[in-house]
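Written below as structure tokens is the structure these notes are about.
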Amino acid sequence: MARKLMKGNEAIGEAAIKAGCHLFFGYPITPQNELPEYMSKRLPEIGGTFVQAESEVAAINMVYGAAGTGSRVMTSSSSPGISLKQEGISYIAGSELPCVIVNIVRGGPGLGGIQPAQSDYFQSTKGGGHGDYKLIVLAPSTVQEMVDLVQEAFDLADKYRNPVMILGDGMLGQMMEPVEFKEREIKKVDHSSWATVGMGDREKPNIVNSLYLDPQELEDHNHKLQRKYDEITANEIRYETYNCENAEIILIAYGTTARIVQDVIPMAKEKGIKLGLIKPITLWPFPYDVFNDYVDSTKAFLSVEMSMGQMVEDVKLAVNGKKPVHFYGRSGGMIPTPEGILENVIEVLGGLE
Amino acid sequence: MQEAAHGRAPAVATGIKRAIPESIVFTYQGDGDLASIGTAEIIHAAARNENMTVIFVNNAIYGMTGGQMAPTTLPNQRTTTSPRGRDVSSAGNPLKMAEMLATIDGPAYIERTTVHNIKGISRTKKAIQKAFQNQVDKKGFSLVEILSTCPTNWGMTPVESLSWLEDNMMEYFPLGVYKDIEEEK
Amino acid sequence: MKHEVIIAGFGGQGVMLMGQLLAYSSMLEDKNVSWLPSYGPEMRGGTANCMVIVSDRQVASPLITAPSALVAMNLPSLTKFADSVKDGGVVLYNSSLIDEEYQRDGITSIGLPFNDLAVELGNARVANIVALGSLLSATDICDKDSVIDSIKSVLPERHHHLLPLNEKALEKGLSLVN
């Protein structure tokens, strides 16, 4: 199939449609508007439904309703709007419903700005809403990867009956790159045993719910969720490594930042410094174990983020005190430059010798 | 000045007014803000008859985010999220906020005006003045809904947009005083 | 081969489209490309820009700190980006709107009256296509034919009567730089 030049936000929409998503509920917020706009145009063409909700709170509850019927459904927003969705996300996770939520992250806190950021890492991977729950969090770094991961997100959501978040940023949403939509089979999953699809031949109604007033029942429910999260952790961790064998310093970066780091590696090589990169693709579950492969051979780790230092905490857990872990970040919509990162690497190296 | 989250200004204003009742508090809200995400806040501020002033600018579209359908977008009006025109059967009907809020017992004064011509501008000035005077006189919740243009997102010249407002918006959103406790006395 | 191009100007001058055409045309030639726009309030009247990378290899960072070519359609754009153009690079600026001259050692800098040339061709709005043509002749990023193919794909059918004008504008631009 021919490559198409597409904006990240629009490519997400097309990928979702190709994955069998026929329902989209959204609300305007920059820098993700092209996605609902694309869906408002495309979904009616294929017999799907687009609704612009009255708020992000309403949109995520529309997702809750549609996901409760076992349908493939998606919503998208950007940071402040994702904060508003947290109540619904917790209910969706608690009720074990499959859906895909896209966050095209902008700088915060509060109303913040509209430029790219990665400061919603904690919110996405450590909860965000209340209760013991996890989202599967996928972090693409190119428009093509975004397309592939969006399609995969729907399969993962269905397989585990769990919400999946695509964590992009304003840069990925706004930029254009060539993409190819690979023909893939839509994995139809039969949800009729739990979804609210009408009584049919069943004797008992299916109930979608996250309320357990009996503490023992709720604890049992939490154990069940935890077993599912353990299974996801065992099966679904994704990451890439570049140049990590015998690297003096290993950088850890995801999404847009990982691309920038890829430009730093050859720049450092010219200065005689061997750098590696670990790029987590699943931010939850985080690829803790891969660090074991390199912790003995490298001198230090450097987490590079568009935040004040969030993923670095997971890097520290992974490295577990065996080597120094450093952090370099820009925030508020400022983007780390290859030069800035290299300067930081040299500083870290100087500190080591 | 305090900045409020999208839609939450009447709640923030309530907090300020309750903390310092003698301060003059007003909110300045657009249609996407007041009539969509902020409907709960505006309805309940009106129901409590909070002694505040609300300036509500209605231009039938989301401006800041680039021209999406607003709750006040007219039937068949094209926007970036209603590319074939607003289809009321799936996208719902426009909300007439002044009329809706006037059905609540609380508010002191609710009027809809326009700023697309000189007459409208001078009427709007008077309405705003009254809405603030009511607050000074502790009469309660006052709201002025002001019809306004958005040439950029309507895809029109400023002059075209003035006539579009007159020919289309004013028919759907009639001007007038919807509530005035003075006159009810 | 890696071209890093910044195209900048007022909102409404067609700088985003110029960048998209460059990316699209290069993609048609099987190169790796990325197009990154500035976004936000500057779209309404301020200075807008886009960054286009065309490369044999996969494009890593889409962000450009030292461009190999700059097309500046107005003075604020020239002021903002010209000094960051790297040695051996090219600066093309719109002398219809920029009175001052820009020259620096180690780069090629040419002022060209894109707006005036577009008006001569009969439509002020093709100034961006004239500029794109001049960029192609100054840098050899991609072929004229690929640009014409991509204009065909990007331009809605109902505007296809404008194709000959766009082709003329492109050729005009190509003839400006040797």
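Of note:
- Taking the C-alpha atoms only, the angle from helix A:215-235 to the longest principal axis of chain A is near 50 degrees.
- Note on A:255-266: average number of Cβ atoms from other chains within 10 Å of each residue's Cβ is 3.
- Relative to the longest principal axis of the Cα atoms of chain A, the long axis of helix A:79-94 lies at roughly 60 degrees.
- Evaluated over the Cα positions of the stretch C:88-147, the convex hull gives a direction-averaged projected area, one quarter of its surface, of 4.4 nm².
- Cα-based reach from B:Lys139 at 21 Å (exclusive), listing lysines while leaving out same-chain residues under 8 positions away: B:Lys17, B:Lys125, B:Lys126, B:Lys130, B:Lys179, B:Lys185
- When you filter the trypsin sites (Lys or Arg not before Pro) in the stretch A:235-305 for DSSP loop state and at most 13 other Cβ atoms inside 10 Å of their Cβ, you are left with A:Lys271.
- Counting other Cβ atoms within 10 Å as a rough exposure proxy, the listed residues B:Lys138, A:Lys279, A:Lys182 run B:Lys138, A:Lys182, A:Lys279 from fewest neighbours to most.
- Per-residue mean of C-beta atoms belonging to partner chains within 10 Å, peptide C:55-66: 6
- Å³ per residue enclosed by the Cα convex hull of the stretch C:9-120: 111
- Other protein chain C-beta atoms within 10 Å of residue C-beta, averaged over A:167-180: 5.
- Chain A - charge dipole about Cα centre, Lys and Arg +1 at Cβ, Asp and Glu -1, debye rounded to 20: 360
- Lys pairs, the stretch A:239-352 - Cα-Cα below 15 angstrom, 8 or more residues apart or on other chains: 4
- Diffusion constant of the stretch A:250-299 at 20 °C, which comes from Stokes-Einstein with the Kirkwood Cα-pair radius and 1.002 mPa s, µm²/s: 182
- The stretch C:90-165 - percent relative contact order, Cα under 8 Å, separation 6 or more: 22
- Inter-part distance, the stretch C:1-53 to the stretch A:292-353, computed on C-alpha centroids, equals 32 Å.
- Folded to 0 to 90 degrees: helix B:9-19 orientation relative to chain B principal axis, Cα: 10
- The helix-only estimate of mean residue ellipticity at 222 nm for chain C, built from DSSP H runs of length n ≥ 4 each weighted as -39500 (n - 2.57), is -11500 deg cm²/dmol after division by the residue total.
- Label-to-label distance, B:Lys138 versus C:Asp56, with points set 7 angstrom from Cα along the beta-carbon direction: 8.2 nm.
- Volume per residue of the C-alpha convex hull in the stretch A:1-126, rounded to whole Å³: 113
- Length, then width, then depth: along the principal axes, the Cα atoms of the stretch A:4-235 run 50, 38, 38 Å.
- Where both bridge residues fall in chain A, DSSP classifies roughly 25% of the beta bridges as antiparallel.
- Over chain A: helical MRE at 222 nm, DSSP H runs n ≥ 4 each giving -39500 (n - 2.57), nearest 500: -13000 deg cm²/dmol
- Extension gain, B:Glu182 back to B:Val88 (0.36 nm per residue minus Cα-Cα distance, nm): 30.2 nm
- Distance distribution P(r), the stretch A:239-352, all Cα-Cα pairs, bin width 5 angstrom from 0: 2, 13, 26, 28, 21, 9, 2, 0 percent.
- Counting DSSP beta bridges with both ends in the stretch B:9-184, the antiparallel % (nearest 5): 25
- All C-alpha pair distances within the stretch B:9-184, sorted into 5 Å bins from zero, spread as 2, 9, 18, 21, 19, 14, 10, 5, 2, 0 percent across the bins.
- Projected area averaged over orientations for the stretch A:12-72, convex hull of C-alpha atoms, nm²: 3.9
- In a simple Cβ point-charge model (Lys, Arg +1; Asp, Glu -1; nothing else charged), the stretch A:294-349 has a dipole of about 160 debye relative to its Cα centre.
- Stokes-Einstein diffusion of the stretch A:64-181 at 25 °C, 0.890 mPa s viscosity, Kirkwood radius from Cα pairs, rounded to a whole number: 171 µm²/s.
- Counting only Cβ charges, +1 for Lys and Arg and -1 for Asp and Glu, the dipole size of the stretch A:198-353 around its Cα centre is about 300 debye.
- FRET efficiency for the pair B:Gln2 and A:Glu347, taken as 1/(1 + (r/R0)^6) with r the Cβ-Cβ distance and R0 = 60 Å, rounds to 0.90.
- The lysines whose alpha-carbon is closer than 28 Å to the alpha-carbon of A:Lys204, local same-chain residues fewer than 8 away aside, are A:Lys159, A:Lys187, A:Lys188, A:Lys224, A:Lys228.
- For the protein assembly as shown, dividing the convex hull volume of the Cα atoms by the residue count gives 204 Å³ per residue.
- Viscosity 1.306 mPa s, temperature 10 °C, Stokes-Einstein D of the stretch A:50-115 from Kirkwood C-alpha radius, µm²/s: 131
- Each label point was placed 7 Å from the Cα along the Cα-to-Cβ direction; for B:Thr103 and A:Thr49 their separation is 2.5 nm.
- Point-to-point label distance, A:Val295-C:Asn178, nm (Cα→Cβ direction, 7 Å offset): 6.6
No lab work stands behind these numbers, since they all come straight from the coordinates. What you see is a predicted model; the values in this text were computed from it and never measured. As a convention, Cβ positions derive from the backbone with ideal geometry for all residues, glycine included, and neighbour counts pool all protein chains shown.
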